[in-house]
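Engineer: Let me give you the structure first, and then I'll get to my questions.
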Amino acid sequence: MPSLFAMSQKAPTQRYLEPTQAAGRAFVGRGLTGNVVMLNLLRFRDIADYSEHPVLAPASPISGAEAFDRYIEHTLPFLRESGGELLFVGTGGPLLIGPADERWDVAMLVKQRNVESFLAFADNAAYLVGLGHRTAALEDSRLLPLSELNAAVPRQPHPG
């Protein structure tokens with residue numbers, strides 16, 4: 001029987017693929033106005049896992065990157081229809097500043113004209129039909145909502 005110490009050596013890896021309800025409430029509660037840019041950091045699976053969405057699965061296995069391409073192809077019309085746009089997609093890799101063992105395959109910037117437009121896009125039933133491609137593609141992700149700083153307004157210190 002393994003010791004308790006041996007069993008606790010490595011904690012299970014936490015994956016972040018969907019926002020929690022608490023994170024969604026905090027996002028809305030920030031009261032962001034104007035354009036919102038979403039910084040996406042994406043790490044792909046070697047082979048896409050369609051086990052949660054078998055109806056979307058291709059006939060033969062594909063890579064996580066290929067599954068994400070399918071997600072983007074499906075998503076772009078709904079993004080544009082909602083007033084959003086894909087600003088940037090770039091190849092990632094290891095960090096210059098940060099943990100040496102952390103890597104992101106792709107960084108992506110997506111702009112929406114406001115929080116309400118983003119929420120309407122994210123809740124669009126036709127868009128949600130293809131969301132399984134994203135889930136199948138990703139090993140892990142991060143999503144950071146950004147709002148433009150008005151350089152003419154002095155910044156207030158962040159409490160805490």
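Engineer: Give me a count of the residues in segment 48-67 that are surrounded by 14 or more Cβ atoms within 10 Å (Cβ to Cβ) and among the small types (Gly, Ala, Ser). Before you say what the answer is, go through the steps one by one.
Structural biologist: Here is the first cut: in segment 48-67, the ones surrounded by 14 or more Cβ atoms within 10 Å (Cβ to Cβ) are 48-50, 53, 56-57, 62-67.
Imposing the further condition that a residue be among the small types (Gly, Ala, Ser) reduces the set to 48, 57, 63-65, 67.
Of the residues in segment 48-67, 6 are surrounded by 14 or more Cβ atoms within 10 Å (Cβ to Cβ) and among the small types (Gly, Ala, Ser).
Engineer: Which residues, taken from segment 94-134, are part of a strand (DSSP E or B), farther than 15 Å from Leu146 by Cα and in contact (Cβ under 8 Å) with a residue 12 or more places away in the chain?
Structural biologist: Arg103, Trp104, Asp105, Val106, listed by residue number.
Engineer: Does Ala120 satisfy the condition of being over 15 Å from the mean Cα position of the chain (by Cα), loosely packed, with under 12 Cβ neighbours inside 10 Å, farther than 16 Å from Leu41 by Cα and hydrophobic (A, V, I, L, M, F, W, C)?
Structural biologist: When the stated conditions are applied, Ala120 does not pass them.
Engineer: It is to be established whether one or more residues within segment 68-81 are farther than 25 Å from Gly24 by Cα, surrounded by 18 or more Cβ atoms within 10 Å (Cβ to Cβ) and touching a residue at least 40 places away in the same chain (Cβ under 8 Å).
Structural biologist: Taking every residue of segment 68-81 in turn, at least one turns out to be farther than 25 Å from Gly24 by Cα, surrounded by 18 or more Cβ atoms within 10 Å (Cβ to Cβ) and touching a residue at least 40 places away in the same chain (Cβ under 8 Å).
Read-outs: derived from the displayed coordinates by stated rules, not from any lab. Computed from a prediction, not measured in an experiment: that's the story for all the values here. Virtual Cβ from ideal backbone geometry, glycine too; neighbours counted across all protein chains shown.
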